[in-house]
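What follows is one structure encoded as structure tokens, with my remarks underneath.
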């Protein structure tokens, strides 16, 4: 689920945190980075738990309707939706239940306003109305409905965004990665095989995590050296005039160029330019682009890149 680009973004976040914080040690920042990376899997579980909470909420609503002998369009829509094979699969999935058991997540089934808003929005959609006409929907159609529901209604929810931001600030940057992976997971569900729902694992020995830890340490430990490299490549531009985030992007990119011989320079350059598009202003992006391009050319001429193996490609 987690990609090298996302690892780089998390490293940049940690370098920023270390730069603006007072009396914080490198070891503490590395630990924060690791915890932030591990919490990505928690976010994935939290997003899946919405479906479980939603199913519980629907069952409570239907029970109330039955007790009060009420039947209307909303209750009929609820009955139709609760028969969705993917909803049933997620609600009864033993591994998902086990993994959620000890997590201190929000109890979605008691978030009445949020869940009702999601359901009302879904039930008004043309996608649901078309699905509603089917007496025995195929698994493919049930999957398509749930994917639509998640992508177009759940994921863009402002309420959900605010909750995640309050719960764990780093989750906001993790959300696009998790949502993309979750959509792929939903599309691949086979209700006859519990193993069709994937649970990504991240360990201390995971190659991408080790890369992130080393990149973070190299960037922080060599701060003065990296700062000098920037000043040497930005004539007529005071270092004080360079925005903090731009400076951090440049330092981290230079650290990767100098201290990671197996990573091709072109890969490093492309990765940080893509990141700069999202984390810098348009004017800053062009500045970062120009500086990194000059750095790669100068390092190549000076034979300082020391690339070996895959790094030569």
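The values are calculated or read from the model by the stated rules, or taken from the named source; none is laboratory data. As the structure is a computational prediction, the values presented were derived from the model and not from experiment. Every residue, glycine among them, receives a Cβ derived from its backbone with ideal geometry; neighbour counts consider all protein chains shown.
Quick grid of which residues meet (1) without any contact (Cβ under 8 Å) to a residue 12 or more places away in the chain; (2) assigned by TED's automatic domain parsing to the domain that holds residue 120; (3) in a loop (DSSP other than H, G, I, E, B); (4) in contact with a strand residue (DSSP E or B) (Cβ under 7 Å, 6 or more places away or on another chain):
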residue: 134; (1), (2), (3), (4): yes, yes, yes, no
residue: 150; (1), (2), (3), (4): no, yes, no, no
residue: 164; (1), (2), (3), (4): no, yes, no, no
residue: 179; (1), (2), (3), (4): no, yes, no, no
residue: 186; (1), (2), (3), (4): no, yes, no, no
residue: 189; (1), (2), (3), (4): no, yes, yes, no
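Which one is nearest to residue 275 (Cα to Cα) among residues in segment 14-33 that are out of contact with any helix residue (DSSP H, G or I) (no Cβ under 7 Å at 6 or more places or on another chain) and in a helix (DSSP H, G or I)?
Residue satisfying both the conditions and the ranking: 20.
Output the residue which, of all residues in segment 25-62 that are free of Cβ contacts under 8 Å to residues at least 24 places away in the same chain and within 29 Å of residue 12 (Cβ to Cβ), is nearest to the chain's Cα centre (by Cα).
Out of the qualifying residues, it is 35.
Please go through segment 1-13 and pick out each residue that is part of a helix (DSSP H, G or I) and crowded, with 18+ Cβ neighbours inside 10 Å.
6, 7, 8, 9, 10, 11, 12, 13
Sort out for me the helices (runs of 4 or more DSSP H) sitting completely within segment 62-107 that have 3 or more residues that are under 21 Å from residue 185 (Cβ atoms).
Qualifying helices (runs of 4 or more DSSP H): 85-92, 94-101.
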